[in-house]
Amino acid sequence: MCGFIGVVGLDSVVREIYDGLLAIQHRGQDAAGIVTYDGRFHVKKGEGLVRDIFSAANFERLKGGLGVGHVRYPTVGSGGGEDAQPFTATYPFGIAMAHNGNVANYADLKRELAEQGHRHLYSGCDVEIVLNVFAATLAIEAKDGFTIAAYHAAVGEVYRRVRGAYSVVGFVAGKGLFAFRDPFGIKPIAFGKKEVAGKTAYAVASESVVLTALDFELLPWGPPGEALFVDLEGNVHVEKVAEPKPHPCVFEFVYFARPDSYLEGASVYRARLAMGVRLARTFAATGLEADVVIPVPDSARTAALAMAHELGIPYREGLVKNRYVGRTFIMANDGERKRSLRHKLNTIEEEFRGKDVLLVDDSIVRGNTSRQIVQLARAAGARKVLFASTAPPLVHPCVYGIDMSTRREFVARGRTHEEVAREIGADAVVYQELDDLVRSVTDDHPEIRQMCTACFSGDYPTGDITPEMLLQIEDERLVPRA
Ligand code: SF4
């Protein structure tokens with residue numbers, strides 16, 4: 001999970017990119033970078049939060065009306081500063097590129113690039129693979145000069161060779177901004193424009209909230225498999241390069257995306273409300289009863305509110321989060337994650353004491369976080385602790401860029417709901433049904449016909465995920481989620 005923004009059409013784009021990165025900081029807190037162009041590349045990357053990496057002096061230096069920025073959550077790679085995006089290639093023309101996703105056949109392509117193309121990668125970041133495949137084809141197709149057709153050929157070659165899920169933004173120096181996503185459209189993307197002092201600026205970002213926060217008007221993004229190019233004159237070129245097979249990630253709606261974002265035209269907030277209503281019905285059907293609903297902040301809040309309303313019991317903010325401690329999911333290692341969780345959540349004891357409490361979280365991954373939260377609830381005096389998950393049991397690894405866990409580590413794998421409850425110390429666990437989760441998104445948006453649900457169902461939409469790839473991806477996992 002990462003976030004990006006690309007902007008073209010202003011005299012200077014660095015401020016827009018910086019503000020955009022702040023708006024998608026939730027998608028990655030590990031590293032960030034901005035590359036701009038004004039006749040030469042200007043690059044600034046670093047590890048940590050956006051606000052800590054970029055200084056006033058960087059704003060002065062990052063000149064130009066064409067640029068891309070990125071916040072990183074590490075998937076493949078060492079996770080060091082050398083893996084921070086965007087990446088650049090000097091040939092042909094000069095290209096900058098950033099992505100959100102995961103190249104499933106990374107090792108194969110790395111070997112092919114070395115053996116056949118005599119190209120060696122600078123980092124362990126998989127966007128460098130996409131960049132090399134793209135640049136190699138663009139160099140051939142645009143040998144007599146850059147054309148949109150050459151760009152489409154380069155995107156087509158990426159589609160042909162690169163497996164997995166990827167939304168990509170970048171620019172060709174002196175030519176324009178580009179963006180595309182793989183034909184399965186697993187990762188989100190948004191496109192917008194705004195008028196500034198008589199000029200039209202265009203931007204692409206990995207969530208709509210970035211664009212709306214910057215006062216861009218959202219423009220429709222077509223089916224996945226299309227390639228977008230906005231040239232320096234402001235002409236927008238959109239072309240279908242591959243047949244669309246859309247399967248947007250359902251977990252974006254559960255956890256990753258900001259509630260004020262729209263993905264595939266669907267409101268994340270409204271989907272989370274619907275998840276709460278459906279989960280309430282599943283909970284009621286079990287015969288379990290609770291005195292109060294308490295969300296695990298922040299992602300589960302919206303669903304918990306709807307759940308309490310549907311069940312007709314009070315909703316209370318019994319867990320208070322220290323917002324200055326980052327998302328535990330995105331912490332760089334397990335020790336850091338455990339330490340930060342202890343500092344992150346505190347209880348308001350009055351909301352727990354002597355009550356049967358229904359805790360609502362977005363998901364249960366390895367169970368460590370859930371176990372600590374259940375312990376907090378018991379320490380605060382809860383009589384019973386029931387635990388509801390707005391997502392179904394997570395039992396399969398995500399090969400599309402989400403480092404949730406490896407198969408061996410999922411607490412729900414090979415366990416009944418009762419056994420999971422025992423593992424996390426709860427009196428009972430209630431999970432969302434998978435069909436209910438998908439329908440929470442699609443009932444209001446029948447145009448979204450299919451979604452990626454692979455981490456729950458094992459049904460990988462790209463259809464080309466071999467057991468060897470799963471093992472390889474597990475070996476590469478850096479940051480198992482708590
Ligand atoms: S496997 Fe799960 S987290 Fe990964 S893209 Fe599919 S639905 Fe999203």
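Some notes on this structure:
- Going through (1) open to solvent by less than 10 Å² (accessible area, probe 1.4 Å); (2) closer than 24 Å to Val71 by Cβ; (3) under 23 Å from the mean Cα position of the chain (by Cα) one by one, Trp221 falls short only on (1).
- Restricting the range 177-188 to residues that are buried (at least 24 other Cβ atoms within 10 Å of the Cβ) and more than 14 Å from the ligand (Cβ to nearest atom), the residue that is farthest from Leu232 (Cα to Cα) is Phe180.
- Screening the candidates Gly69, Gly20, Gly64 for the property of being outside any strand (DSSP E or B) and buried (at least 24 other Cβ atoms within 10 Å of the Cβ) yields one hit, Gly20.
- Residues within the range 406-436 that are within 14 Å of the ligand (Cβ to nearest atom) and at pLDDT 95 or above, tallied: 3
- Condition check for Lys194: within 16 Å of the ligand (Cβ to nearest atom) and either modelled with pLDDT under 95 or outside any helix (DSSP H, G or I) (or both): no
- Filtered residue count, the range 371-405, keeping only those that are open to solvent by less than 10 Å² (accessible area, probe 1.4 Å), more than 12 Å from the ligand (Cβ to nearest atom) and touching a helix residue (DSSP H, G or I) at 6+ places or on another chain (Cβ under 7 Å): 6
- Scanning the range 278-303 for residues that are hydrophobic (A, V, I, L, M, F, W, C), more than 22 Å from the chain's Cα centre (by Cα) and crowded, with 17+ Cβ neighbours inside 10 Å turns up Leu279, Ala280, Phe283, Ala290, Val292, Val293, Ile294.
- Long-range neighbours under 8 Å by Cβ, at least six apart or interchain, first residue over 14 Å from Val8 (Cα atoms) within the range 22-38, second in a strand (DSSP E or B) and polar (S, T, N, Q): Arg27/Asn100
- Restricting the range 161-176 to residues that are buried (at least 24 other Cβ atoms within 10 Å of the Cβ) and among the small types (Gly, Ala, Ser) leaves a set whose member that is nearest to Val236 (Cα to Cα) is Gly176.
- The range 83-97: number of residues that are of a type in the set (Gly, Ala, Ser) and surrounded by fewer than 24 Cβ atoms within 10 Å (Cβ to Cβ): 2
The values are calculated or read from the model by the stated rules, or taken from the named source; none is laboratory data. Values in this document were obtained by computation on a predicted structure and should not be read as measured data. In this analysis, Cβ positions are derived from the backbone assuming ideal geometry, glycine residues included, and neighbour counts consider all displayed protein chains. Note: accessible area is taken over every heavy atom of the protein model, side chains too, but ligands, DNA and RNA are not part of it. Shrake-Rupley method; radii C 1.70, N 1.55, O 1.52, S 1.80 Å.
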